[in-house]
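Worksheet: one structure, shown below.
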Amino acid sequence: MQQVFPSRRKRRAVAEINVVPYIDVMLVLLIIFMITAPLLSQGVDVDLPQAEAQAIDSDDMQPLVASVDAEGRYYLNIGDSSEEPMSAVDLATLVAAHLQLEPETPVVVRGDGAVPYADVVQLMVVLQRAGAGSVGLMTRSPEK
């Protein structure tokens, strides 16, 4: 008598990668980045004067940017108060405190093109009294 065995097939390992979970994660990350990207823009809109100048080498250190808008209001790019106007005394206090912690931080002034020159100079005086050794002026490149 012959024994009949059912034919045994060798099962092969499935060599396919299920990419559906990776696609789901990628889409969630895309949505998160799309929502948070507009929130990362910081500062006040000012119309910078145009000038051809070289960029500042900040050596991976974020500069302190003090802004003066067309109405002569002062702003500083520290923390959440970058879009709220502040007095010259508050601005000087914040700059002095920051420069005590990190004295090598570059300080830059963003002045609106419509603001009187005297307001820009006054802001520079406030920054120098707060302890900034040198103050740079921010411009935008001229459009060609």
> Going by the structure shown, is residue 66 surrounded by 14 or more Cβ atoms within 10 Å (Cβ to Cβ) and either more than 26 Å from residue 39 (Cα to Cα) or modelled with pLDDT of 85 or more (or both)?
Replying inline: yes
Here the residues within the stretch 105-116 that are over 19 Å from the mean Cα position of the chain (by Cα) and either surrounded by fewer than 11 Cβ atoms within 10 Å (Cβ to Cβ) or within 15 Å of residue 73 (Cβ to Cβ) (or both) are 112, 114, 115, 116
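Taking the residues in the stretch 73-90 that are at pLDDT 85 or above and not hydroxyl-bearing (Ser, Thr, Tyr) as candidates, determine which candidate is nearest to the chain's Cα centre (by Cα).
Our first condition is that a residue be at pLDDT 85 or above; within the stretch 73-90, this holds for 73-76, 85-90.
Restricting the remaining residues to those that are not hydroxyl-bearing (Ser, Thr, Tyr) gives 73, 76, 85-86, 88-90.
Numbers: 73: 21, 76: 13, 85: 19, 86: 20, 88: 23, 89: 25, 90: 22 Å.
Residue satisfying both the conditions and the ranking: 76.
Would the stretch 123-134 turn up any residue that is exposed (fewer than 15 other Cβ atoms within 10 Å of the Cβ) and at pLDDT below 85? Can you show your working first?
Of the stretch 123-134, the ones exposed (fewer than 15 other Cβ atoms within 10 Å of the Cβ) are 125, 129, 133-134.
The next check asks that each one be at pLDDT below 85; those that pass are 133-134.
For the stretch 123-134, residues exposed (fewer than 15 other Cβ atoms within 10 Å of the Cβ) and at pLDDT below 85: present.
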**Prompt:** Is it the case that the stretch 91-102 has a residue that's assigned to a loop (DSSP other than H, G, I, E, B), farther than 20 Å from residue 121 by Cβ and at pLDDT 85 or above?
**Reply:** yes
The one condition residue 119 fails out of (1) acidic (Asp, Glu); (2) over 22 Å from the mean Cα position of the chain (by Cα); (3) outside any helix (DSSP H, G or I) is (3)
Residue 97 passes all but one of the listed conditions (1) at negative phi; (2) in contact (Cβ under 8 Å) with a residue 24 or more places away in the chain; the exception is number (2)
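The values are calculated or read from the model by the stated rules, or taken from the named source; none is laboratory data. Keep in mind that this is a model prediction, so the values were computed, not measured. Please note: Cβ atoms are built from the backbone with ideal geometry, for glycine as well, and neighbour counts cover all protein chains shown.
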